[in-house]
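The values are calculated or read from the model by the stated rules, or taken from the named source; none is laboratory data. Everything numeric here is computed off the predicted structure, so don't read it as measured data. For neighbour counting, all protein chains shown are included, and Cβ atoms are generated from backbone atoms with ideal geometry for every residue, glycine included.
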Amino acid sequence: MDELIERTIEFKTDILSLIEENINNPNLETLLEEYHLYDIAKVLTEFPEDIIKAFFHTVSIEFAAEIIEYLDEEDATFIIKVIGEIDSAKIIADMDLDDAVDILKYLKKTGMRILKQIEPNRRKEILQVMLYDKDEIGAYLTDSYLTLEANITVKEAMRKVVSEAHDVDYISIIYVVDEKNILQGFIKLKDLIIARADEQLIDLIKTRFPRVYPTDDKEYVASLMQETSESSIPVINEDGMMEGIITHDDLMDIISLVQEEDYAKFAALGDVEINLSTASLRKSVKSRLPWLSILLGLSMITSIILSFFEASLSLNPGSRLLASKLAVYLPLILAMAGNT
């Protein structure tokens with residue numbers, strides 16, 4: 001275990017040194033190729049603000065967007081404040097649609113100012129997703145996928161896949177649409193690769209797929225993905241036009257959120273979010289005091305009721321044993337009911 005910790009610290013130190021020594025080097029991205037973006041993102045937040053600003057001025061917009069996607073909302077907010085709203089708008093515009101929406105929502109007023117600086121077409125796409133309720137699957141849409149026209153050959157399809165694959169994150173399933181962007185079906189990349197070059201794409205696609213709409217409940221869609229065992233599901237509007245897709249990564253996010261909500265309901269916390277790093281003593285006391293007062297009142301009522309049976313509970317050793325057990329377990333039961 002100690003050896004693993006030492007290797008992790010050494011790994012982290014290597015990234016820190018590499019960035020600091022090459023902060024203005026145009027080839028910085030190439031130098032960082034052997035490190036995962038997640039590790040780079042986590043290390044980056046430990047630099048002073050001037051180094052962070054210089055880093056994002058050195059690397060490309062695409063690379064910067066991928067780095068931001070690996071940060072949690074709090075760290076992403078810090079980075080965005082450091083690099084400024086103008087540069088942040090360019091980076092956020094290049095991010096996956098669902099990640100961009102999450103950050104802009106978290107930034108609130110600052111997010112709205114940044115949104116105004118994003119080019120109109122991309123801003124329209126982001127706004128459309130932002131309008132969906134958090135329980136609707138439309139709030140989890142991603143646009144990082146490939147589409148092909150139905151009236152082309154396999155050879156033409158492969159040429160387009162090769163030319164556009166580097167711009168998207170998800171290529172395992174390729175969706176086929178007509179000239180109006182109405183979904184016709186899909187084909188897996190594996191099937192496309194092994195198909196004959198002169199075959200028509202329309203003859204190879206699968207046309208059976210779950211009908212999922214942006215306003216569908218996220219838990220329903222997550223359950224549907226699990227039942228169909230598909231790595232992605234297309235989301236269409238009422239006219240059958242592609243709105244985006246839901247991937248396996250989105251499924252994991254939905255399941256995680258649903259579990260958190262279920263745990264909160266089970267603990268009678270409702271929509272209360274507890275952040276241990278920012279919670280103050282005053283807030284903690286304020287949230288717990290009502291429960292503690294209720295428990296105190298219930299304990300007093302229990303004591304009064306038991307006092308009516310004081311004579312019966314002291315008649316013999318068995319009664320006294322019962323009384324001692326009640327004294328121990330009743331407060332525990334009451335505490336389990338509300339002392340969260």
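Across segment 294-307, the number of residues qualifying as modelled with pLDDT of 80 or more and not aliphatic (A, V, I, L, M) comes to 1. Just one of the listed residues (Asp249, Asp239, Asp198, Asp253) is in contact (Cβ under 8 Å) with a residue 12 or more places away in the chain, assigned to a helix (DSSP H, G or I) and either closer than 20 Å to Glu149 by Cα or not assigned by TED's automatic domain parsing to the domain that holds Leu97 (or both), namely Asp253.
In segment 82-105, the residues that are under 19 Å from Val168 (Cα atoms) and assigned by TED's automatic domain parsing to the domain that holds Tyr70 form Cβ pairs under 7 Å with partners that are among the small types (Gly, Ala, Ser) and part of a helix (DSSP H, G or I), at six or more places apart or across chains, as follows: Ile91/Ala64; Ile91/Ala65; Ile92/Ala100; Asp94/Ala65; Met95/Ala65. For segment 151-193, residues that are in a loop (DSSP other than H, G, I, E, B) and either more than 18 Å from Ile236 (Cα to Cα) or touching a residue at least 60 places away in the same chain (Cβ under 8 Å) (or both) total 6. Residues that are surrounded by fewer than 19 Cβ atoms within 10 Å (Cβ to Cβ) and part of a helix (DSSP H, G or I) within segment 44-62 comprise Glu49, Asp50, Ile51, Lys53, Ala54, His57, Thr58, Ile61, Glu62, listed in sequence order. Within segment 103-150, if we keep just the residues that are in a loop (DSSP other than H, G, I, E, B) and among the aliphatic types (A, V, I, L, M), the residue that is surrounded by the fewest Cβ atoms within 10 Å (Cβ to Cβ) turns out to be Leu131. Quick one: in segment 191-233, of everything that is closer than 12 Å to Tyr175 by Cβ and in contact with a Gly (Cβ under 8 Å, 6 or more places away or on another chain), which residue is surrounded by the fewest Cβ atoms within 10 Å (Cβ to Cβ)? Restricting to residues being closer than 12 Å to Tyr175 by Cβ and in contact with a Gly (Cβ under 8 Å, 6 or more places away or on another chain), the top hit is Thr207.
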